[in-house]
Amino acid sequence: MISNKNKPLKILFASAEAAPFAKTGGLGDVGGSLPKALAELGHDVSVVIPYYRSVRDAGHDIRPAVLRVYHPLTGWTSRFNVHMTAFGSLKVYFIENSWYFGRRGIYGQPSWGYPDNALRFGFFSKAVTAFQESAALDPDIIHSNDWHTAIIPYYLRNARLRKRPGTLFTIHNAAYQGSCSRIFSKILGVKVEAYGKMNFMKAGILYADAVNTVSKKYAEEIKTSELGCGLETFIAKRGDSFSGILNGADYGKWDPATDNLIGTNYCSSTLEKKTECKKEILCHTGLVTGTDKPLLGFIGRLVIQKGVDKLAEALDGIIKLGAGVVILGEGDIRYAAAFKAAEARYPGRVKLFNEFNESLAHRIEAGSDIFLMPSMFEPCGLNQIYSLKYGTIPVVHATGGLDDVIIDADDEGENGNGFKFGLFTAADFLSAITRAVHKYHGDGAWRGLMKRAMACDFSWDRSAREYVEVYRSILNK
Ligand code: GLC
């Protein structure tokens with residue numbers, strides 16, 4: 001396969017999530033914004049996701065059944081419909097199978113997943129392959145993401161296609177591998193196992209033409225036994241065909257100057273208007289900390305990876321600093337209970353919104369002074385990038401994409417854009433927060449820090465160009 005350097009590519013982006021149709025976290029953001037950025041570079045991009053019940057019920061303008069596919073699979077569900085919608089310059093395809101995707105939620109409920117998720121996403125991956133056989137989209141590249149679509153390159157090896165596409169597999173989080181009983185391996189016809197179980201992600205790592213993850217630092221980290229989650233040896237085998245590409249931010253959605261989900265728009269020359277956003281969120285949360293005290297925000301799934309145990313442990317110290325804390329997220333009920341207990345202990349100082357709420361997320365980004373991301377590990381992380389744009393100074397654990405994006409303000413006075421801590425302990429986290437709070441109350445350096453943060457540019461354009469380079473190197477091989 002020879003590709004001309006400037007020839008537009010035909011790319012099919014396969015994912016379990018793509019905003020605005022389906023999103024539970026960062027994968028949904030990337031599924032919504034990377035394809036758009038690739039299309040803006042002149043490529044012909046399509047996206048394919050499952051036709052979840054929530055997509056069906058949301059009233060999008062989707063053309064029903066552009067295609068009905070009957071496909072002989074290994075004795076299980078073999079029929080599905082493909083729906084389509086045009087979304088800006090993208091085509092978005094939806095694979096419908098009401099048994100698998102007609103249920104509530106994307107993966108299950110916040111604290112548990114459906115027991116047949118391996119079948120649901122195995123089916124989806126097989127269906128994407130069968131769709132290629134019937135519809136002749138003829139993409140140059142099929143780009144699959146995370147374990148849900150990791151077996152597509154494996155299926156494509158034996159697919160009856162007019163043209164064999166190149167394949168890229170992106171790891172958004174190596175901790176979720178689609179590791180499941182070997183029974184699924186038989187049903188799905190995928191013989192890829194790790195540690196006595198079928199492993200979707202391993203199939204992506206071994207069979208895609210190239211593999212990447214979502215920051216340079218995490219690309220190094222998952223080659224180690226500490227953060228590779230058992231995949232490190234397979235990743236090592238990929239040598240040069242494995243790389244790290246930092247995610248970008250969709251500033252069309254995440255820019256305080258234009259964000260229509262926040263009450264007052266502002267930019268770095270009208271910073272005083274950010275106080276209006278702070279007042280609004282204080283009022284909404286019922287927090288009584290006052291606008292002269294720092295408001296600390298946390299948005300994320302309440303799971304151990306996000307460092308919520310460290311946040312819970314640091315809360316007493318944070319309150320002693322005089323700050324208020326607003327937390328938004330759902331997940332493990334243990335942590336929701338811990339934050340609820342803190343709410344009761346410190347009325348008017350701590351507030352938990354135990355839900356997924358996109359518009360409240362924007363308002364918390366805009367209204368907070370400091371943004372907390374104590375993740376144990378973080379492949380990329382997007383909220384630290386959004387926070388910079390909102391002048392909401394991030395305090396982060398120096399791991400993965402957090403380490404790549406944040407420069408410590410105390411180490412690099414004129415370049416710093418946030419605060420980092422190295423040891424993954426509540427004490428280290430609290431000492432970084434303390435440094436941030438002192439700077440906030442300090443001699444005026446805070447404003448400069450906010451302006452520097454807001455001037456950082458992590459738009460998708462550069463990352464999308466890096467993806468195109470990888471696609472072309474695959475096609476040139
Ligand atoms: C996953 C990772 C997160 C990353 C996102 C998008 O959710 O945990 O770090 O930003 O995928 O790539």
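Side notes on the structure shown:
- Lone unmet requirement of (1) open to solvent by 20 Å² or more (accessible area, probe 1.4 Å); (2) more than 16 Å from the ligand (Cβ to nearest atom) for SER185: (1)
- Scanning the stretch 30-63 for residues that are assigned to a helix (DSSP H, G or I), open to solvent by 60 Å² or more (accessible area, probe 1.4 Å) and more than 14 Å from GLU96 (Cα to Cα) gives LYS36, GLU40.
- Conditions (1) under 20 Å from the mean Cα position of the chain (by Cα); (2) open to solvent by 10 Å² or more (accessible area, probe 1.4 Å): number failed by VAL92: (2)
- Checked against the criterion of being crowded, with 21+ Cβ neighbours inside 10 Å, small (Gly, Ala, Ser) and in contact with a Lys or Arg (Cβ under 6 Å, 6 or more places away or on another chain), the candidates GLY401, GLY329, GLY322 yield just one match: GLY329.
- One residue stands out among those in the stretch 114-173 that are over 21 Å from the mean Cα position of the chain (by Cα) and at positive phi: the one that is nearest to the ligand (Cβ to nearest atom), which is ASP138.
- Some residue of the stretch 239-247 being more than 16 Å from the ligand (Cβ to nearest atom), out of contact with any Ser or Thr (no Cβ under 9 Å at 6 or more places or on another chain) and in a helix (DSSP H, G or I): yes
- Meets criteria (more than 16 Å from the ligand (Cβ to nearest atom), in a helix (DSSP H, G or I) and either at pLDDT 95 or above or over 28 Å from SER225 (Cα atoms) (or both)) for TYR335: yes
- Helices (runs of 4 or more DSSP H) enclosed by the stretch 360-477 - at least 1 residues per element that are of a type in the set (Phe, Trp, Tyr): 383-389, 426-441, 445-455, 460-476
- Unmet criterion (only one of (1) within 16 Å of the ligand (Cβ to nearest atom); (2) of a type in the set (Gly, Ala, Ser); (3) surrounded by fewer than 16 Cβ atoms within 10 Å (Cβ to Cβ)) for GLY178: (3)
- Restricting the stretch 118-134 to residues that are among the polar types (S, T, N, Q) and over 11 Å from THR149 (Cβ atoms), the residue that is surrounded by the most Cβ atoms within 10 Å (Cβ to Cβ) is GLN132.
- Of all residues in the stretch 364-377, those that are open to solvent by 10 Å² or more (accessible area, probe 1.4 Å) and within 14 Å of the ligand (Cβ to nearest atom) total 3.
- Of the numbered criteria (1) surrounded by fewer than 22 Cβ atoms within 10 Å (Cβ to Cβ); (2) in a strand (DSSP E or B), the one GLY297 fails is (1).
- Subset of the stretch 1-55 that is small (Gly, Ala, Ser), more than 14 Å from SER89 (Cβ to Cβ) and away from the ligand (no atom under 16 Å from the Cβ) - its residue that is modelled with the highest pLDDT: SER54
- Within the stretch 375-398, residues that are at positive phi sit with their Cβ atoms under 8 Å from residues that are open to solvent by 10 Å² or more (accessible area, probe 1.4 Å) and within 12 Å of the ligand (Cβ to nearest atom), at 6+ positions apart or across chains, in these pairs: GLY381/GLY26; GLY381/MET373.
The values are calculated or read from the model by the stated rules, or taken from the named source; none is laboratory data. On a predicted model such as this, the values are computed, not experimentally measured, just so you know. All Cβ positions, even for glycine, are placed from backbone atoms using ideal geometry, and neighbour counts span all protein chains on display. With ligands, DNA and RNA removed, areas are computed over all heavy atoms of the protein, side chains included. Shrake-Rupley method; radii C 1.70, N 1.55, O 1.52, S 1.80 Å.
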